[in-house]
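Bear in mind these aren't lab numbers, they're just calculated from the coordinates by the rules spelled out. What you see is a predicted model; the values in this text were computed from it and never measured. Here the Cβ positions follow ideal geometry from the backbone for every residue, glycine too, while neighbour counts run over all protein chains shown.
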Amino acid sequence: MKRYLVIFGIILLVVLAILFFSQPQLLDKIWLWLIGFIGYILLLIRKGAEGLKELFSKSPTVGSPPPIERTNPTSPVPTTPAYNLEEKIKEIEEKIRNQRPTGTRLAHHYITVLRYIDDGQTTLGLMFLQGKFFAYTLEDTHQDEKIRGNTRIPQGVYPLELNRNVTGLTQTYRNRFSWFDFHVEIKEIPNFDLVYIHIGNTHVDTMGCILIADGVNAADPQKMITHSRMAFERFYKTIHPLLNSNRKLAIQLLDEDWVERSHLMPLEEVAEINT
């Protein structure tokens, strides 16, 4: 490596000598640039040498596998532990199917969102359609007093409607998706308006709205959902025709204490097992 640097330096000195005698005014203009360029080249050479040394000196190590994203939009995210989120979702579905007509029901309405983690910044949940798991959800955190743009809507049951106003956001979605018409809006929420179900990945992408997706990553400090577009398209093509034909639909949202009422292992513990 040192030999190549010496050769490179000699060539550079020859070029500079020729420029000095033939066009001294040009050399006067570019000498600072040349010094900076030489330093950059030397830095690249050093970094490359260090990288090669590290590559050949370290023995291979086995690290933690990267988070597995859900690739099949009709089933939960695949995970490796024996007791994982996929099994927990199946258990919830079983409880929903076996619930008696009396008492509090997990999925009494066509759409139900069961919230299971709130880390003070992000809320993760599970969306069920007619008692069947449909998608993962992400919302803002709970606030005792609403902070505009940073608060999830209260638990409850709210009607769904198509917001038939053509806003800038509506036009953006129409430009992106040929199948999009109007936004699905959650109505009659105290102190909230224009709350939609739409595409996004983190709490930065929502201002009180509900994001849906086909994958979830609860392990990182920045909790997020993935494959949101696929889940939203599937949701929209399921719900839009019903709302467009004036079908009365409502969404039910339950806070994290539904886990205790259902006598389930806390899902945040399931998320920790999956990390």
Exceeding the 22 Å Cα-Cα cut-off - candidates 132/237; 95/248; 90/248; 223/248: 95/248; 90/248; 223/248
Just rank 178, 228, fewest to most, by other beta-carbon atoms within 10 angstrom. 178, 228
Can you check what the net charge comes to around residue 148, using other residues whose Cβ is under 15 Å from the Cβ of residue 148 (Lys, Arg +1; Asp, Glu -1)? -3
Using only alpha carbons, build the gyration tensor for the range 85-273 and give me the equivalent ellipsoid semi-axes, biggest first, whole Å. 25, 19, 16
Could you check what % of the DSSP bridge pairs in the range 85-273 are antiparallel, to the nearest 5? 85
Over the Cα atoms of the range 183-260, what is the Rg over Rh ratio if Rh follows Kirkwood? 0.99
Linear extension gain, residue 146 paired with residue 164, 0.36 nm per residue minus alpha-carbon span: 3.8 nm
For the residue pair residue 220 and residue 177, what label-to-label distance in nm results when each label sits 7 Å from Cα along the Cα-to-beta-carbon direction? 2.3
Stick to the Cα atoms of the range 154-208, pair each with every other, and give me the Kirkwood hydrodynamic radius in Å at one decimal. 12.4
